[in-house]
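Every number in this text was worked out from the coordinates using simple rules, so none of it is lab data. Keep in mind that what you see is a predicted model, and the values were worked out from it rather than measured. Note: ideal-geometry Cβ built from the backbone for every residue, glycine included; neighbour counts use all protein chains shown.
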Amino acid sequence: MTHGQFPYSRPRRMRRNPLYRRLIAETRLSLDSLIMPYFVREGHGVREEIKSMPGQSRFSPDSFLDELEELVRLGIHAVLLFGIPNEKDEKAVQAWTKDGILQKTLRQVKRHFKDLLVITDLCLCAYMDHGHCGVLTEEGEIDNDRSLEILAQAALAQAEAGSDMIAPSDMMDGRVRFLREKLDQQGFRNLPILSYAAKYASSFYGPFRDAAHSALNCPAGGKIPSDRKSYQMDPANLNEALREIAMDIEEGADMVMVKPALAYLDVLREAANTFRFPLAVYSVSGEYAMIKAAAEKNLLDEKAAVYEIMTGFLRAGSTAIITYYAKEIAAWSHSESRAGFNLPADCEHRAR
Ligand code: PBG
């Protein structure tokens with residue numbers, strides 16, 4: 001590494017105007033790295049605002065096609081899909097039947113869009129009456145291995161409906177290998193798995209639980225814990241995250257994820273340094289809601305803050321970013337002069 005000495009070295013020389021700054025920018029936000037999450041529900045003509053996430057909606061399959069039309073036109077080519085079923089039960093039936101909301105929507109989307117990567121979230125929490133991400137034993141504990149069986153069934157249903165990538169978010173042990181084997185056996189050898197490898201038990205999922213009609217606190221009783229700390233990770237741990245990621249890569253994951261994002265940038269950086277592997281980061285509902293709330297109060301410049309945060313994710317080492325801001329960023333980018341953008345246009349004007 002070369003260090004210069006003042007007054008011969010003056011870092012500010014290269015910051016004097018946007019032309020210098022753009023030339024030496026080490027990270028560039030591109031629409032290619034953004035993945036937009038969506039929630040689909042039953043019904044017709046539904047575009048229902050999600051109160052906890054201003055600007056986001058739940059869509060019925062038909063309205064969702066219109067929404068995607070717009071998204072693709074704006075230049076976003078990857079989505080992460082969540083299903084919100086009308087019925088929940090102890091077998092998570094809607095997660096694996098052919099006509100489950102996610103599977104049904106997926107088939108329609110794949111018929112209409114060729115130029116769109118549809119990643120499907122794989123979990124049981126939205127489909128289970130108790131709201132946990134796995135099956136419960138009589139004693140009220142999460143039965144890891146029996147959960148794997150149901151998850152695999154759901155993964156196959158998603159694969160058959162045309163998923164482009166299966167994204168297990170349940171945090172059961174061994175699921176990547178289990179899913180890989182089942183998918184391969186059924187002929188889905190080329191279907192990639194994006195593993196939520198380091199997923200923390202986080203308070204930042206609050207708005208999502210409202211959006212997906214998923215329990216914020218699962219009903220407690222007997223030994224059933226009301227939180228998800230027996231399977232999602234403890235925010236205190238970094239080494240454990242690296243072990244989780246290593247295991248998932250070993251088990252056959254094609255891409256691994258760190259989630260949430262803002263409070264876990266160290267995990268991201270460490271994972272990027274350690275694994276040299278495609279890495280996604282999920283900037284979750286609570287992070288989105290936080291910035292929206294601050295922007296609504298005019299406490300900060302929303303666009304500038306969002307660019308800064310996204311740049312931070314890239315700088316920390318992520319390959320792809322899952323963010324509820326994806327569509328809005330795409331819309332903003334079109335009002336700007338350059339395709340690769342580091343600063344909002346208005347900031348650039350001020351600088352010039
Ligand atoms: C389902 C799932 C959750 C999120 C993604 N998949 C909720 C949870 O685990 O509690 C959170 C996404 C967000 O907050 O944006 N297991």
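Ranking F6, F275, F59 by Cβ neighbours within 10 Å, fewest first, what do you get?
F6, F275, F59
Treat the count of other C-beta atoms within 10 Å as a stand-in for reagent exposure and order R315, R10 from fewest to most.
Fewest-to-most ranking of R315, R10: R10, R315.
Given an 8 Å cut-off on Cα distances and at least 6 residues of separation, report the relative contact order of the stretch 163-203 as a percent.
In percent, rounded to a whole number, it is 58.
Say each of N237 and D32 gets a label point 7 Å from the Cα, pointing the same way as Cα to Cβ; how far apart are those two points in nm?
3.6
Treat the count of other C-beta atoms within 10 Å as a stand-in for reagent exposure and order E67, E336 from fewest to most.
E336, E67
Report the calculated FRET efficiency for K229 and A304 (r = Cβ-Cβ distance, R0 = 25 Å), to the nearest 0.05.
0.10
Would you calculate a helix-derived [θ] at 222 nm for the chain, using -39,500 (n - 2.57) for each DSSP H run of n ≥ 4 and dividing by the full residue count, to the nearest 500?
That comes out to -11500 deg cm²/dmol.
Relative contact order for the chain using alpha-carbon pairs under 8 Å, separation at least 6, rounded to a whole percent?
Relative CO of the chain lands at 19 percent.
Does the chain classify as rounded, prolate or oblate by the C-alpha gyration tensor (a ≥ b ≥ c root eigenvalues; a/c under 1.5 gives rounded; else a/b over b/c gives prolate, otherwise oblate)?
Details: a/c = 1.83, a/b = 1.52, b/c = 1.21.
It is prolate, given that a/c is not under 1.5 and a/b is the larger ratio.
Say R0 is 41 Å: what FRET efficiency, to the nearest 0.05, do E90 and A331 get from their beta-carbon distance?
Once the sixth-power term is evaluated, E becomes 0.45.
What residue among H213, H130, H44 shows peak mean-square fluctuation when the chain is described by a Gaussian network model with Cα springs under 10 Å?
H44
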